Amino acid sequence: MDHAKLLPSYLIQRYHGWKATAYAENRAWYRRLAESGQHPRAMIISCCDSRVHVTSIFGADEGEFFIHRNIANLVPPYTPDGKNHGTSAAVEYAVTALKVAHVVVLGHSNCGGVQGCHDMCSGHAPELLEASSFVGRWMDILRPGYERVAHIEESLRARALEKEAVVVSLENLMTFPFVRAAVEDDRLTLHGLWTDVGEGGLEQYDPVKGGFVGV
Ligand SMILES: [Zn+2]
């Protein structure tokens, strides 16, 4: 395997800096984490977007959140077809093995994946319609959400679709039998959030109002 290279020096320097400070000052705690296994209370499903920093928003330490990230924080419908399903595997492990008490879907502003879905569904991104487009086929998960916002004025539609990405994921989570069973037994609660990257805002899905309200 001659395609992988050694790390660039700036990352090596940053690593040694962390090892000498944050790690060195908390060595006993890290060792306890290693020995006692992980017991996260919550699973977070967020976008790959580098600006979405869920551990910072909640001041979370190592061991607190079981985090899964994918394009546009989407959960696909339950599809037990024997294929590779990374997101479904993460949900299964979090709920059935780690027995997390909460699953939180975190959407965000200025989401490129959601914008791509918007462009694809509105006929402005033919490349995303190709069978070979992994992003396009992944964003098919959000098509039901696009149908619900298609009537909205165009300048407001992308933001509405970002929130639909959270709602669709919450709906799809309930199609997993082990998620539904845990929710119905009050062992698990599902939560939807949307964060405004530029403003630092956080809104949560309110099931009574059927929309997002500020936290
Ligand atoms: Zn995103």
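The values are calculated or read from the model by the stated rules, or taken from the named source; none is laboratory data. Just so we're clear, the structure is a prediction, and the values are computed from it rather than from any experiment. Heads up, the Cβs are rebuilt from the backbone with ideal geometry, glycines too, and the neighbour counts pull from every protein chain shown. We work out accessible area using only protein heavy atoms, side chains counted, and drop any ligands, DNA or RNA first. Shrake-Rupley method; radii C 1.70, N 1.55, O 1.52, S 1.80 Å.
Worth pointing out:
- Val135/Glu199 FRET efficiency (R0 22 Å; Cβ-Cβ; nearest 0.05): 0.25
- Counting all C-alpha pairs of region 38-214, share separated by more than 23 Å (%): 39 percent
- Gain in span if fully extended, His191 to Leu6, counting 0.36 nm per residue against the direct Cα distance: 62.6 nm
- Against the chain, whose longest principal axis comes from its Cα atoms, helix 9-18 is set at around 70 degrees.
- Computed over the chain: relative contact order in percent, which uses C-alpha pairs under 8 Å that are six or more apart: 20 percent
- In angstrom, the C-alpha Rg and Dmax of region 71-111 are 11.9, 34.
- Helix 154-173 axis, angle to the chain major axis (alpha carbon atoms, nearest 10°): 60 degrees
- Residues of the chain were split at every exposed loop site, defined as GluC sites (Glu not before Pro) in a DSSP loop with at most 15 other C-beta atoms within 10 angstrom, and the longest piece left, sites excluded, is 63-129.
- On Cα atoms only, tilt of 112-121 relative to the major axis of the chain in degrees: 20 degrees
- Gyration tensor (alpha-carbon) shape descriptor, region 1-40, a/c threshold 1.5: oblate
- Of the trypsin sites (Lys or Arg not before Pro) found in region 23-98, those that fall in a DSSP loop while having at most 16 other beta-carbon atoms within 10 Å are Arg41, Arg51, Lys83.
- Ratio Rg/Rh, restricted to region 1-137 and using Cα atoms, in which Rh is the Kirkwood radius: 1.04
- Share of carbon and sulfur in the accessible heavy-atom surface of the chain [1.4 Å probe, %]: 55 percent
- Put a dot 7 Å past the Cα of His39, heading toward its Cβ, do the same for Leu98, and the two dots end up 1.5 nm apart.
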